[in-house]
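Q: This is the structure I want to talk about, given as structure tokens.
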Amino acid sequence: MWPFKLWDVQDVAVFLSITLYMCHLAGAISIHSPERSLTRSVQENVFFSVDVTCIGIPTIQWTFMSGAVSRTIGTWQPGVYTNITVDYSSRVQPYNNGSMGLSDLRLQDAGYYVVTVTETEGNSKDAGLVLKVNEVLYEDLQYLSVAALALAGLAGLLMLLVWLVDKLYRKVVAWRRRKQMPENDATELQPL
């Protein structure tokens with residue numbers, strides 16, 4: 001009646017299982033990040049945006065690397081547990097999609113950040129992001145200009161005070177001289 005054979009349930013199940021297995025072998029973990037290089041200033045916040053997809057519940061681990069320094073920031077499973085290291089406990093905000101927020105940046109935070117996603121089967125994938133932290137120089141200049149202005153005002157006040165003290169001193173000296181001079185009325189004429 002039908003010129004072609006319809007697939008039965010068993011054929012569909014085999015096809016789906018083969019497809020899932022091939023996806024698994026092809027690396028079913030994907031890490032997508034819109035920005036791989038970020039630049040922020042000291043005391044700002046940064047958001048490392050990544051979108052992690054995989055089969056099952058992934059384990060997400062963030063690591064910081066700079067020069068000879070390498071330290072783990074934290075490890076978490078979405079909705080299961082969060083383990084942030086003591087060095088970062090007050091500054092890191094983990095997100096279920098794999099993203100991480102870091103607040104109150106310091107110059108030492110500049111470097112390479114690696115996110116490692118591991119599936120329950122043991123497969124893993126890494127992605128790296130670079131953070132550059134700039135020192136805020138205009139604040140230093142602002143403090144310097146305010147300090148110079150305050151010192152100039154203090155110097156002007158001191159010069160005014162010295163001038164007033166000098167004027168007072170000259171008046172006191174003139175008043176003492178006048179007081180020590182004999183009165184003209186008491187002068188007697190002597191014969192020659």
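The values are calculated or read from the model by the stated rules, or taken from the named source; none is laboratory data. Worth saying up front: this structure is predicted, and the values here are computed from it rather than measured. Don't worry about glycine lacking a Cβ; one is built from the backbone with ideal geometry, like all the others, and counts go over all protein chains shown. SASA here: full protein model, heavy atoms, side chains in, ligands and nucleic acids out. Shrake-Rupley method; radii C 1.70, N 1.55, O 1.52, S 1.80 Å.
Q: Can you tell me how many residues within the range 73-113 are within 18 Å of the chain's Cα centre (by Cα) and closer than 18 Å to His32 by Cα?
A: Result for the range 73-113: 6.
Q: Is it true that Thr120 is under 19 Å from Glu35 (Cβ atoms) and touching a residue at least 40 places away in the same chain (Cβ under 8 Å)? Spell out the reasoning first.
A: Details: under 19 Å from Glu35 (Cβ atoms): no; touching a residue at least 40 places away in the same chain (Cβ under 8 Å): yes.
No: the conditions fail for Thr120.
Q: Going through His32, His24 one at a time, which residue ends up being at pLDDT below 90, open to solvent by 90 Å² or more (accessible area, probe 1.4 Å) and more than 17 Å from the chain's Cα centre (by Cα)? Can you show your working first?
A: Working: His24 fails: open to solvent by 90 Å² or more (accessible area, probe 1.4 Å).
One residue alone meets the criteria, His32.
Q: Say we look at the range 126-182 and pick out the residues that are among the polar types (S, T, N, Q) and open to solvent by 100 Å² or more (accessible area, probe 1.4 Å); which of these is modelled with the highest pLDDT? Full working, then the answer.
A: Here is the first cut: in the range 126-182, the ones among the polar types (S, T, N, Q) are 134, 142, 145, 180.
Those still in the list that are open to solvent by 100 Å² or more (accessible area, probe 1.4 Å) too: 142, 180.
Numbers: Gln142: 79, Gln180: 86.
The qualifying residue modelled with the highest pLDDT is Gln180.
Q: May I pose another question? Could you list, in sequence order, the residues of the range 86-115 that are surrounded by fewer than 16 Cβ atoms within 10 Å (Cβ to Cβ), at pLDDT below 90 and part of a loop (DSSP other than H, G, I, E, B)?
A: Ser89, Asn96, Asn97
Q: Residue check: is Gln77 loosely packed, with under 14 Cβ neighbours inside 10 Å and over 16 Å from Phe48 (Cβ atoms)? Reasoning before the result, please.
A: On the way: loosely packed, with under 14 Cβ neighbours inside 10 Å: no; over 16 Å from Phe48 (Cβ atoms): yes.
No; evaluated as a whole, the condition is false for this residue.
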